[in-house]
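See structure below.
The values are calculated or read from the model by the stated rules, or taken from the named source; none is laboratory data. Quick caveat, the model's predicted, so the values are computed rather than measured. Note that each Cβ is placed from the backbone with ideal geometry, even for glycine, and that neighbours are counted across all protein chains shown.
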Amino acid sequence: MQRGDRTVNAYRNGQSVSPMLSLSQSDHAGRRRTAVRINTGSRMLPAAVLFALFALVFSGCAPNYDLLNLTAPASVQVEQFSPEAGLCADQFITHDLPHITTTVDGIIRMYEANGAGVAINDLDNDGDLDLVLGNYDNPNSIFWNLGNLNFRQEPMPVGRTRAVTAVDVDGDGWTDLALTRVGGAINFWRNRGAELAADAPGRFVQEFVSGLAKPAYAMDWADLDADGDLDAVTASYDIGLLTELGNEYLLKDEAGVYIHWNEAGEFRAQRLAEEAQALAIALWDEDGDGRLDLLVGNDFALPDQFWRNHADGWQLASIFPETTHSTMSFDLADVDNSGRTALFASDMKPPDTNPETMRAWAPLMEAEHPPLPAGDPQRMENMLLVADKDGAFRNLGRDRQLDATGWSWASLFGDLDQDGQLDLYIVNGFAESTTFAHMDDHELVEQNQVLRNTGGRFERMPDWGLGSERGGRGAAQGDLDGDGDLDIVVNNLRGNAQLFENRLCGGASLQVALRQPGSANPAAIGATAFLETPAGRLRRDVRVTRGYLSSDPGQLHFGFPAETQPRLLLIRWPDGQWSTVSGPAPGQRLTVSRTDLGQE
């Protein structure tokens, strides 16, 4: 089927679909799909064997490839992509999207300033990544990717959206949409792709999901009890609920942090905390016991809260020497390729001490942010929290010059220049009618920041073309034009959303999509992939939520210098089993599918 001939599905209520939107300035090569399949072995890889394999590869010795037969059975489908020569610009190219997140009258009052998120994922299983952008007063938008940066926009009913996640909740192999709303519970849209012909209308239908009824602002999804299906974590934004609902919010007593356990498609809520000011949630295995732990990032003076996921239940723990004061977003990554996962948390701090900058910030700092008491672990600045070999965390934000980037919202790691190091992109700016009444249009205008990773340290790259001043909130990354590198989408407030097309043309890449057909977690949320290269080991994790109220596709991106020949791809599946692929080549997109969990 030719993508250009595909009819984008309209909603059940008959809302119209906009004409095709073309962002491309010239033809893109895209991908060549091939039917190559490679079958791996059929047994779990023992820890001792895995350690030996890591040691052999990391020491530069040739590994014994007989070991690769000791894996979970899987197949590999290979697609080739090749960047088009002549499209390089040594920067990102900006494209406006016809989507504006705004309020009824365009005036931003109080917590309307928080904006909405964005999700990138393949919603119609055609191999191209689609976009979903939340909105406040206007409808949300789906941008169906027709290839070569051509999109077709479709309005999605119901606005007042905060978080946007694209995740296969019911495990049918089609990505659903779960959104949080101002003053309400999760708004769930089921993808009916398994029931429909490719060009049939009614792709998404809004449904009530039993048990997902608590007020939610931040949200994430993962298999928290190792039963094979996806559970949900939600946290409320209490000051927003109080503003929106008043006494009703106080009387209901339903706010806070919840685990929603998935029990055969119905959810059972477990309350972990009775209050929250959550703008961000992070799930990762902090202590290496095989269970995902939980960090909730709170706004204002309510400290962030961390729970360890023990066999006998969730337990609050204090593991960070310092935390952000008004946590806006989280992202997790191995920033120095050391094998240690670092946590980046964004906050608010003037990006410089220029007189003009300080005049803009001073009234806010004096009125709303008095000095914190001595001994308080909270700091109003970004933090990069890294654990040492003994598991103790240190804040390296100031040392790496990441502490002050402005009024920061979304923060995302990604290898933008494909040199094997994860760079950092941060979205900035603020607008609100009282907080910045002293500013033109009540807005603090700041540039977004991109910081290039030079080996664990970072340098600002103003020439990369990512310094937009649109006042962004949510952001996500993905290869939207099929050329192998990471593009960026930002959902701005009071201005057009933007797609930043990556034309840096640096290095090479390998993309990996993990699949578990026949399981209740087809997209392998919670899996980890390691790519062994002559220069070292790269790690990527399959997660749903990243940054601020947004979600990336599960398609993993490994960048590396152009001359690099990867040696081995190792995959740790959510159930702890391992699969391996030897000799993956640059310029490939691998779809690795388990074959022991059901039929493909």
When (1) in contact with a Ser or Thr (Cβ under 6 Å, 6 or more places away or on another chain); (2) under 30 Å from Thr580 (Cα atoms) are applied to Pro83, the one that fails is (1)
Within the range 405-443, the residues that are closer than 23 Å to Ala345 by Cβ and acidic (Asp, Glu) are Asp415, Asp423, Glu432
Note on the range 428-486: residues within 19 Å of Thr94 (Cα to Cα), outside any loop (DSSP other than H, G, I, E, B) and touching a residue at least 40 places away in the same chain (Cβ under 8 Å) are Asn428, Gln449, Leu451, Asp463, Trp464, Gly472, Arg473, Gly474, Ala475, Ala476, Gln477, Gly478
> Residue check: is Val544 surrounded by 22 or more Cβ atoms within 10 Å (Cβ to Cβ), at pLDDT 95 or above and closer than 20 Å to Asp231 by Cα?
Replying inline: yes
Among (1) surrounded by fewer than 20 Cβ atoms within 10 Å (Cβ to Cβ); (2) in contact with a helix residue (DSSP H, G or I) (Cβ under 8 Å, 6 or more places away or on another chain), Gly313 falls short only on (2)
In this structure, is Asp440 touching a Cys at 6+ places or on another chain (Cβ under 9 Å), acidic (Asp, Glu) and either buried (at least 19 other Cβ atoms within 10 Å of the Cβ) or over 13 Å from Leu416 (Cβ atoms) (or both)? no
How many residues of the range 256-297 are surrounded by fewer than 19 Cβ atoms within 10 Å (Cβ to Cβ), under 21 Å from Ser550 (Cβ atoms) and touching a helix residue (DSSP H, G or I) at 6+ places or on another chain (Cβ under 7 Å)? The answer is 0
Do we have Val49 as touching a Leu at 6+ places or on another chain (Cβ under 6 Å) and modelled with pLDDT under 90 here?
yes
| request: Check the range 255-267 and report whether any residue there is in a loop (DSSP other than H, G, I, E, B) and either closer than 21 Å to Gly183 by Cα or in contact with a strand residue (DSSP E or B) (Cβ under 7 Å, 6 or more places away or on another chain) (or both). | output: yes
Going through (1) in contact with an Asp or Glu (Cβ under 6 Å, 6 or more places away or on another chain); (2) under 30 Å from Trp314 (Cα atoms) one by one, Asp172 fails only at (1)
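Here's the yes/no breakdown for (1) modelled with pLDDT under 90; (2) closer than 18 Å to Met461 by Cα; (3) surrounded by fewer than 19 Cβ atoms within 10 Å (Cβ to Cβ); (4) out of contact with any helix residue (DSSP H, G or I) (no Cβ under 7 Å at 6 or more places or on another chain):
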residue	(1), (2), (3), (4)
Asn395	no, no, no, yes
Asp417	no, yes, no, yes
Asp423	no, yes, no, yes
Glu432	yes, no, no, no
Phe436	yes, no, no, no
Of all strands (runs of 3 or more DSSP E) fully inside the range 116-233, the set with 2 or more residues that are touching a Gly at 6+ places or on another chain (Cβ under 7 Å), in contact (Cβ under 8 Å) with a residue 40 or more places away in the chain and over 25 Å from Gly526 (Cα atoms) is 140-147
Residue match in the range 242-254 (condition: out of contact with any Leu (no Cβ under 9 Å at 6 or more places or on another chain), surrounded by 16 or more Cβ atoms within 10 Å (Cβ to Cβ) and among the β-branched types (Val, Ile, Thr)):
yes
By residue number, the members of the range 512-521 that are surrounded by fewer than 24 Cβ atoms within 10 Å (Cβ to Cβ) and under 20 Å from the mean Cα position of the chain (by Cα) are Ala513, Arg515
The condition of being buried (at least 24 other Cβ atoms within 10 Å of the Cβ), of a type outside the set (Gly, Ala, Ser) and closer than 18 Å to Ser329 by Cβ holds, among Asn502, Asn448, only for Asn448
